[in-house]
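FYI, it's all coordinate maths here, none of it is from the lab. Quick caveat, the model's predicted, so the values are computed rather than measured. Every residue, glycine as well, gets a Cβ built from its backbone with ideal geometry; the counts of neighbours run over all protein chains shown.
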Amino acid sequence: MPFVRRGGGLLRGAAVAGTTALITRNSMRNSANEQSQSDQMNQMQQQLAEQQQYQQQQQFAAQQEQQRQQQESAYQAGLAAAQAQAAQAAPAAAPVAAGGPNVMAQLSQLAQLKSQGLLTDEEFAAAKAKLLT
């Protein structure tokens, strides 16, 4: 009978050891699965962050392009206005040119005298009006 007791104890010990090994293996598998799921979740979060960053960059680029187009439009409008103003001013300058180079030289001399302080604003305006009429 003593032999049977020992055999039963050995079987029980083997069953406990086998169960422990099975639990340990299952625990390791569960841990590996949890790690894999955690890695997948981190990967998905990283992809989402990259997509959001890309979308923000695209929006910023679109805003920059829109601002550039607005600036270009404003520049073109200003240029057109300046050209129109210059075209209106050109016919007014024609009578001065019709007076010839002598009138231009005299106007230049008057401007020099004024800048030297030898003519007042009133004297300069009167002499200029006299030359242009």
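The label-point distance for Gln46 and Ala61, in a model that sets each label 7 Å from Cα toward Cβ, rounds to 2.3 nm.
Let me check I've understood the local charge: for Leu119, count other residues with C-beta under 14 angstrom from its C-beta, Lys and Arg +1, Asp and Glu -1. What total comes out? Walk me through the numbers before you get to the answer.
Details: positive: Lys114, Lys128, Lys130; negative: Asp121, Glu122, Glu123.
With Lys, Arg at +1 and Asp, Glu at -1, the neighbours total 0.
Computed from backbone phi, the HN-Hα couplings of the stretch 73-79 come to 5, 5, 5, 4, 5, x, 5 Hz, rounded to whole numbers (Karplus: 6.51 cos²θ - 1.76 cosθ + 1.60, θ = phi - 60°; Gly and Pro given as x).
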